[in-house]
Amino acid sequence: MNKNDLVAVVADKTGLSKADATKSVDCVFDAITDSLKSGEEVRLVGFGTFNVTKRAASEGRNPRTGERIQIPASNQPKFKAGKGLKDAVN
């Protein structure tokens with residue numbers, strides 16, 4: 001399923017137009033993104049939790065040349081599935 005498929009499902013299940021469903025889906029994604037940017041955790045009970053973890057700087061190798069390269073520190077978004085989602089999938 002891609003974003004267009006998700007928009008179509010939301011439009012069908014809610015009776016919204018595709019344009020309104022697109023705005024709704026975009027708003028949800030934007031709200032999650034903005035919360036993660038500000039360092040907040042997004043917890044959707046029964047679905048899962050989005051959070052940001054810090055990844056330390058490390059040293060790696062260029063696979064083509066074998067040359068050592070520095071990989072800078074970064075923030076990584078993470079998702080942990082909740083019990084309701086795990087139960088639904090299994």
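Every read-out reported here was derived from the displayed coordinates using simple, explicitly stated rules and does not represent laboratory data. The structure displayed is predicted, hence computed values, not measured ones. Quick reminder, even Gly has a Cβ in these numbers, built from the backbone with ideal geometry, and neighbours come from all protein chains shown.
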Worksheet item: Just for strands (runs of 3 or more DSSP E) wholly inside region 24-90: which have at least 1 residues that are exposed (fewer than 12 other Cβ atoms within 10 Å of the Cβ), more than 20 Å from the chain's Cα centre (by Cα) and of a type in the set (Gly, Ala, Ser)?
Response: 58-61
Discussion item. Just to be sure before I move on: is Thr14 closer than 21 Å to Ala88 by Cβ and free of Cβ contacts under 8 Å to residues at least 40 places away in the same chain in the structure I sent?
Written reply: yes
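In region 5-23, what count of residues is obtained for those that are part of a helix (DSSP H, G or I) and either farther than 26 Å from Lys78 by Cβ or out of contact with any helix residue (DSSP H, G or I) (no Cβ under 9 Å at 6 or more places or on another chain) (or both)?
Residues that pass the stated criteria total 12.
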